[in-house]
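Q: Before we start, here is the structure in question, set down as structure tokens.
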Amino acid sequence: MRLHVEVKGRGIPILCLHGHPGSGRSLAVFTEHLAQNYQTLAPDLRGYGQSRCRGNFSMEEHLLDLEELLDSHHIGACLLLGWSLGGILALELALRNPQRYRGLILVATSARPRGNHPPTSWQDLGFTLMAAGLNYLKPGWPWNIKTLAGRSLLRYLIYQPNPQAYAYLARDGTLAYLQTSLAAHRALNQALRAGYDRLGELSGLKLPCLVLAGAEDRHITCQSSLETAQKLPNSQWRCYPNTAHLFPWEIPHQVLKDMDDWLNHLNLNFP
């Protein structure tokens, strides 16, 4: 299918892939910065955001969609950036056709994702609904962060309760959550039930990789991200203390600086 995509900037292309739930807009924390020196392409994956679809689909179809997207923009080679599910898709694209990609930035993701999220109660869900709704109406309000969000599931996504992170959540996260289709939920759940594990294939992936994780991530643990970094032959690893799954919204300046430093040291050879 033809994906909705936001294209920014000029230069070496970077395909930026969002997580679940999410949309291309969820990656604005990266694209608004990287587009100063690169061309960023941030699609809404099939069943997410404005890339509406009919019927169920498999995770494999995401890969076909993304390869078609690159072809339609006449991109023969690019860098890949993926956050959470987007990182898994980035790994899959690189494993399918490593000659097409020049490097990987993997954010809060893993080739064998594992979590340690506590059980969810009805009280958790109630506080989450109230906190997210109020944050959408009044982004980053300290009272809401302290009183409602701190008792909701948001506390497992954002470890540092700072207004900046919650402002990102309101601007780039809440609408993306509401626009995620049931088909997208089903496709991901089916893949997880099958027991996703690509660690054994990573040793043949020679691309330079930057692997970033939050030390307090409950959704994809820091340990499972480290396991992936250790299996990649040409990787750099960074784990940020006192951050969780949404750490790019918690400490954006540090994350973007580390990305810039890594990109600046790459010896990129594009046709």
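Q: So if I take the centroid of the Cα atoms in segment 88-160 and the same for segment 41-84, what is the distance between those two points in Å?
A: One Cα centre to the other: 21 Å.
Q: Run the dipole for the chain about the Cα centre, Lys and Arg Cβ at +1, Asp and Glu Cβ at -1, nothing else charged, and hand back the magnitude in debye, nearest 20.
A: Charge dipole of the chain: 340 debye, to the nearest 20.
Q: OK, next. Show me the ranking of peptides 25-36, 82-93 by mean Cβ neighbours inside 10 Å, starting with the highest. It would help to have the intermediate numbers written out before the result.
A: On the way: 25-36: 20.9, 82-93: 25.2.
The packing order, highest mean first, is 82-93, 25-36.
Q: Which of the listed residues, Val107, Ser51, Trp262, is farthest toward the dipole's positive end in the chain, when Lys, Arg count +1 and Asp, Glu count -1 at the beta-carbon?
A: Toward the positive end, the furthest listed residue is Ser51.
Q: What is the sum of charges around Tyr159, taking Lys and Arg as +1, Asp and Glu as -1, for the other residues whose C-beta is under 13 Å from the C-beta of Tyr159?
A: So the environment of Tyr159 carries a net charge of -1.
Q: Here's another thing I want to ask about it. Find how much the distance from Arg10 to Leu125 grows on full extension, using 0.36 nm per residue of separation minus their present alpha carbon separation; answer in nm with one decimal.
A: 37.2 nm
Q: Also: Could you work out how far apart the two model spin labels at Leu175 and Leu137 are, taking each label as a point 7 Å from the Cα in the direction of the beta carbon, and quote it in nm?
A: With each label point 7 Å from Cα toward Cβ, the separation is 1.9 nm.
Q: Highest mean first, how do 223-229, 136-142, 12-18, 165-171 rank when packing is the count of other Cβ atoms within 10 Å averaged over residues?
A: The densest-packed peptide leads the list: 12-18, 165-171, 223-229, 136-142.
Q: Between their Cα atoms, which of Lys231/Lys257; Lys138/Lys257; Lys206/Lys257 are more than 31 Å away from each other?
A: The pairs that break the limit, which is 31 Å between Cα atoms, do not exist here.
Q: What length, rounded to one decimal in nm, is gained on full extension from Ala191 through to Glu67, with 0.36 nm per residue of separation minus their alpha-carbon distance?
A: Residue separation times 0.36 nm, minus the Cα-Cα distance, leaves 42.6 nm.
Q: Taking 8 Å as the Cα distance limit and 6 or more residues as the minimum spacing, I'd like the relative contact order of the chain as a percentage.
A: Details: 533 pairs, mean separation 56.1, N = 271.
This gives 21 percent for the chain.
Q: Compare the Cα positions of Leu154, Trp143, Gly195 along the charge dipole of segment 52-195 (+1 at Cβ of Lys, Arg; -1 at Cβ of Asp, Glu; about the Cα centre) and return the one farthest towards the positive end.
A: The Cα lying farthest towards the positive end belongs to Trp143.
Q: Could you check the spin-label model distance between Arg151 and Arg52? Points 7 Å from the Cα along Cα→Cβ, value in nm.
A: 3.8 nm
Throughout, read-outs are computed from the coordinates displayed, never taken from laboratory work. All figures in this text were calculated on a predicted structure; none of them were measured in a lab. Glycine also receives a Cβ, built like all others from the backbone with ideal geometry; neighbour counts cover every protein chain displayed.
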